[in-house]
Every structure is written in structure tokens, then in C-alpha cells.
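Visitor: Below you'll find the structure I mean.
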Ligand SMILES: [Zn+2]
């Protein structure tokens, strides 16, 4: 079913969007961390060859510092007693005014785990339980952030 995969990167978001438009596909976020976001678009040729085009956006230091402070490592599990299945995700929520960033991190982690794992182990937003939610970079005071 899956043909060969060809990947490459482009130098700007604009270029990636142009590529996606040309191939009649859409740009999605493939991966994100506090200091970067990777965007990706994929297309399949008539012969089954898959094309994957990515753009990695570096987040400006000032914004990245804030994101780093709001990065959480969330450990969740699901399944009965001894047979529990554990998942760990590092997520960076973007809290609005009044939001609890740790709570947002848990929601984000659960959604991500469900998306990636539901078909494999049955993890879902409904059956995942939070074990721990911790700041990934606890030593950072706001003024000590170096990027
Ligand atoms: Zn699982």
C-alpha cells in the first residue's frame, strides 16, 4: 500500500504552503517544542510515491523563553491495575489569561496520546488518567532563561 517516501525541507512557511496548494493538500503541525514548530504537508503521486515536505520554524528567543517555562512533562496511564499502559508526553500549551497551564498541558497530552495511540493500545481522552504533571524545566526562573 505504502509506496516509497521522499522527504525534503523548505526554507519558509510560505514555500511550504505554496507546495501544499500545488499538490492539493494541507499544511499540518507535525511536531512542536518550546523553541520550534515543524510544519508538514504530504502528497501521494499516482504511482504511490509519497512526498513529505517540511518546514521548521525557529521561535524567536523572547517567545521561546515563555514557552519553555510553560513546557510540561505529563505522564498518563490507562488500563486496569497491573496491566496499565503508560504514556509520557512533553507538551507546550499556550495558556490564555486565567487558564491553568498545567491543566491545559494535561488536556493537550491526552489529545496527543489518543491521536497517536488509540488504534495501537486503546488510549483515549476518556480512559487516560494523569499520574504526574511537572514542569520540564523547573530550574528556570523567568529571568534566568537562556535560549
Ligand atoms: Zn496505551
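Visitor: Taking Cα pairs under 8 Å and at least six residues apart, what relative contact order does the range 2-72 come out at, in percent?
Guide: Averaging sequence separation for qualifying contacts and normalising by length gives 36 percent for the range 2-72.
Visitor: Can you give me the orientation-averaged projected area of the convex hull built on the Cα atoms of the chain, in nm²?
Guide: Projected over every direction and averaged, the Cα hull of the chain covers 11.7 nm².
Visitor: Neighbour counts of other C-beta atoms within 10 Å: give me 128, 5 arranged from fewest to most.
Guide: Neighbour counts put them in this order, fewest first: 5, 128.
Visitor: While we're looking at this one, here's another question. What value in Å³ per residue do you get for the convex hull of the alpha-carbon atoms in the range 70-136?
Guide: 77 Å³
Visitor: Mean residue ellipticity at 222 nm from the helices of the chain, using -39,500 (n - 2.57) per DSSP H segment of n ≥ 4 over the full residue count, to the nearest 500 deg cm²/dmol?
Guide: Result for the chain: -8500 deg cm²/dmol, rounded to the nearest 500.
Visitor: Also: Assuming 0.36 nm per residue, please report the length gained on full extension of the stretch residue 97 to residue 26 beyond their Cα-Cα distance.
Guide: On the way: separation 71, 0.36 × 71 = 25.56 nm, distance 3.05 nm.
Result for the pair: 22.5 nm of gain on full extension.
Visitor: Using only Cα atoms, tell me the angle between helix 101-121 and the longest principal axis of the chain; keep it within 0 to 90° and round to the nearest 10.
Guide: Computed tilt is about 50 degrees.
Visitor: Sort 35, 99 so that the residue with the fewest other Cβ atoms within 10 Å of its own Cβ comes first and the one with the most comes last.
Guide: 99, 35
Visitor: Also, quick follow-up: Classify the range 1-84 from the C-alpha gyration tensor, please: rounded if a/c falls under 1.5, else prolate or oblate depending on whether a/b exceeds b/c.
Guide: Since a/c reaches 1.5 but b/c is at least a/b, the shape of the range 1-84 is classed as oblate.
Visitor: Which residues in the range 94-127 have a backbone N closer than 20 Å to a point placed 7 Å from the Cα of residue 66 along the Cα-to-Cβ line?
Guide: 94-106, 108
Visitor: In nm, to one decimal, how far is the residue 129 label point from the residue 58 one, both placed 7 Å along Cα→Cβ?
Guide: Placing both labels 7 Å along Cα→Cβ, they lie 4.5 nm apart.
Visitor: What ranking do 124, 84 get, fewest neighbouring Cβ atoms within 10 angstrom at the top?
Guide: 84, 124
Visitor: So, one more: Tell me, what is the percent relative contact order of the chain, built from C-alpha pairs under 8 Å that lie six or more residues apart?
Guide: It comes to 21 percent, rounded to a whole number.
Taken together, the values in this text are just the output of simple stated rules run on the coordinates, not laboratory data. The shown structure was predicted, so the numbers you read here are calculated from the model rather than taken from an experiment. When we count neighbours, we look across all protein chains shown, and the Cβ atoms used for this are built from the backbone with ideal geometry, even at glycine.
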